[in-house]
1. Using +1 on the beta carbon of Lys and Arg, -1 on that of Asp and Glu, and nothing else charged, what's the dipole of the stretch 88-147 about the Cα centre, debye to 20?
2. Pull out a ≥ b ≥ c, the square roots of the eigenvalues of the alpha-carbon gyration tensor of the stretch 40-121, then state rounded if a/c is under 1.5, prolate if not and a/b is larger than b/c, and oblate in the remaining case.
3. By the gyration tensor of its Cα atoms, with a ≥ b ≥ c the square roots of the eigenvalues, what is the shape of the stretch 51-233: rounded for a/c under 1.5, prolate for a/b over b/c, or oblate?
Amino acid sequence: MSLRILTHAPALGISRIAATTTTRKLTTAAAAHTQPTSSPAPAPPQRPLTAKETAFLEKALRVNQAGELGANLIYAGQYAIFKRDAKLAPLIRHMWDQEVEHLDKFDSLLAKHRVRPTALRPLWNVAGYALGLGTALLGPKAAMACTEAVETEIGGHYNNQLRVLLDMCKDEPELLKNGEIKELVDTIRKFRDDELEHLDTAVEHDAKGAEGYEVLHNLIRGGCKAAIYVSERI
Ligand SMILES: [Fe+2]
Ligand SMILES: [Fe+2]
């Protein structure tokens, strides 16, 4: 008898106590006739990463941390302007909260793998906040156009990394069962989905209706591409 059934037992004319007692008896009887089952053996430890894999992992962690830092600062800048806007404040706060989670994860992965952060971290701090604040000052649609452009680039960037990682594992699928590669793939997949959700939110809130949308969109995407290129290397 399942717990769900027990919850509705009074409606069936069975008292909760009686039903619970019956369940206990059944459970005890079943236990007496059940052989102990062994849990599945844990996956064996992975082989050490090759120099090429390590280089990719380090580069990916460094640039992803920088991107998530920038995203955090963009939403911080937007929130500073819209924090009293009943419609926009919770929306921006929700996306910002997800960026905080993304940044925390990459901070911990950098520490775990002893990867140095980008040397340009202070620059991304200022640039991210200025971008968020500046577009928000232009109005809600411009802020959404900024989100749309940034999330398009970050979503595409994560998809590119996933392609490389999956290609890396095509002859050794066991690399996706546990270990560093699996953790990175799972993390990127989850965050990529969050970024694409942010992109949808921006489009739903009329990002494309912003004044000078095309210019803004191309400028911001160009800036993101440059930031990704530089952060992978410095
Ligand atoms: Fe993110
Ligand atoms: Fe995002």
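Quick note: the coordinates plus some simple rules give every number you see, no bench work behind them. Since the model is a prediction, treat every value here as computed from it, not as a measurement. Counting neighbours? That spans all protein chains shown, and the Cβs are built from the backbone with ideal geometry, glycine included.
1. My answer is approximately 220 debye.
2. Oblate.
3. Here the stretch 51-233 falls in the prolate category.
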